[in-house]
1. Inside region 32-103, counting only helices (runs of 4 or more DSSP H) that do not spill past its ends, which hold 3 or more residues that are more than 28 Å from R22 (Cβ to Cβ) and open to solvent by 20 Å² or more (accessible area, probe 1.4 Å)?
2. Any chance you could count how many residues in region 57-111 are more than 28 Å from G130 (Cβ to Cβ) and charged (D, E, K, R)?
Amino acid sequence: MLAVNIGGAGIPTLMSTYLVLRYQLWVKAAIAVAVIAIIIHAMATPVQGVGIAVPVFAPVVATAILAFLLSREYAAPLAYIGGSMGTLIGADLWNLDKITGLGAPVASIGGAGTFDGIFLTGILAVLLAGLASPERPRPVW
């Protein structure tokens, strides 16, 4: 059986879609998602009885650096989009063929261990990219 986790796949997809539309980041977001998906897929390993395991900090740092290189001004939204969607695609969708051999009765897109990867990569990459982004001038009252 194949399930889609709302918190691990649905909400990050909706949030990423909103950010792409809000900031018109079509090309940069596509580049970020593709590059991070390739990196995550290379790092992801199927673990018997657990699912797809992804290292915690390497994808976060790679996502933050890539987002910062693509756009200093929009590094934080790009980090979220690339981190969450890249992890979802690279870890879950590209490894669907390996799920059947892991002994799990239900395969969940965006669930369990990958939810942690999607959440951590997206949120921590936003924090790192946000720290490196230039400050926007505040209005004077």
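1. Result: 96-99.
2. Of the residues in that region, 2 qualify.
The values are calculated or read from the model by the stated rules, or taken from the named source; none is laboratory data. All figures in this text were calculated on a predicted structure; none of them were measured in a lab. Every residue, glycine as well, gets a Cβ built from its backbone with ideal geometry; the counts of neighbours run over all protein chains shown. These accessible areas exclude ligands, DNA and RNA; they are computed on the full protein's heavy atoms, side chains included. Shrake-Rupley method; radii C 1.70, N 1.55, O 1.52, S 1.80 Å.
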